[in-house]
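Novice: Pasting a structure below so you can have a look.
No value in this document is a laboratory result; all are computed from the given coordinates. All values derive from a computational prediction rather than experimental measurement. Quick reminder, even Gly has a Cβ in these numbers, built from the backbone with ideal geometry, and neighbours come from all protein chains shown.
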């Protein structure tokens, strides 16, 4: 794996370096959840990050393809939107995500394109900033991403008792119990979800390195001794995420790598490799726009 990172560093003429842009203490990096460090983004007045796509098949050259990936931020450094325009071999597929936040910086809505339409999730929070209900809608957006029409699909509510959270379905009946466990230093050691009907239990176990950085999340199903899913993370000497590896049933399914520009400390490239067929999707973020 180190040879692969060195290979791409030489191609891009960008060595792997430092830059505290990416958050990953809960394993959120490069998921659908916002994962940029808002303080870093705000302090550096970053407005837009845009990258272009390249693909590489096994034993083939890197080939640039149509498409782009764009992150947009507000002046507080919070992610406003992700726009992914990806080439599928014949046409361009567009995936959109828009985020809204409350004054404390917690997400209160997510709009995303899926299933040939757009879904809106709205999160209502209590005085402790905990989610107390989630409503899902199918919506129609204007050119600016604003909702012009919405139809409610369902609403779920959450109630809290000490550290446990109980989720109720649209009929106001409880179906899920969730809680997290922490050690004396505040590190999350495990999270548990238990379905009331049937008693199925999903447990995630978290592990950290000597510097307190998350290095693995193992997901277990009921009483099975081996995890059904494993996430493993690697960092450079400055604590920047370098690799995110995914395993399903013990099989290596995704090799995700991150490269920063040592001159600026900014995100430069992400490499998404399929270990089965060695196909690589590469995004090079070379266009940055900044607030004045």
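Novice: Which distance in nm do the two modelled labels at residue 170 and residue 37 give, with both placed 7 Å along the Cα-to-Cβ direction?
Specialist: Going from the residue 170 label point to the residue 37 one covers 4.3 nm.
Novice: Is it possible to state the helix-based mean residue ellipticity at 222 nm for the chain, with each DSSP H run of 4+ residues giving -39500 (n - 2.57), the sum divided by total residues, to the nearest 500 deg cm²/dmol? What is it? Walk me through the numbers on the way to the answer.
Specialist: Numbers: 2 runs with 17 residues, N = 292.
Taking each H run of at least 4 residues, the total per residue is -1500 deg cm²/dmol.
Novice: To the nearest 10 degrees, how steep is helix 2-12 against the longest Cα principal axis of the chain, on a 0 to 90 scale?
Specialist: Approximately 60 degrees, to the nearest 10.
Novice: Could you state the per residue volume, in Å³, of the convex hull enclosing the Cα atoms of region 197-292? Could you put the intermediate results ahead of the total?
Specialist: Details: hull volume 17.0 nm³, N = 96.
Spelled out: Cα convex hull of region 197-292, divided by residues, is 177 Å³.
Novice: What is the fewest-to-most order of 68, 269, 127, 170 by other Cβ atoms lying within 10 Å of their Cβ? Before the final figure, lay out the partial values.
Specialist: Working: 68 17, 269 22, 127 6, 170 13.
Ranked by crowding around the Cβ, least crowded first: 127, 170, 68, 269.
Novice: For a paramagnetic label modelled at 7 Å from the Cα of residue 60 toward its Cβ, which residues of region 253-292 fall within the zone defined by backbone nitrogen distances under 14 Å?
Specialist: Hits in region 253-292 for residue 60 at 14 Å: 274, 277-282.
Novice: Still on this structure, please answer the following. Would you list 266, 61 from fewest to most Cβ contacts within 10 Å? Walk me through the numbers before you get to the answer.
Specialist: Details: 266 17, 61 7.
Listing 266, 61 from fewest to most nearby Cβ atoms yields 61, 266.
Novice: Give, in nm to one decimal, the length gained when the segment between residue 112 and residue 211 is fully stretched (0.36 nm per residue of separation minus the Cα-Cα distance). Present the calculation step by step, with values, prior to reporting the outcome.
Specialist: On the way: separation 99, 0.36 × 99 = 35.64 nm, distance 3.54 nm.
Length difference between fully extended and current span is 32.1 nm.
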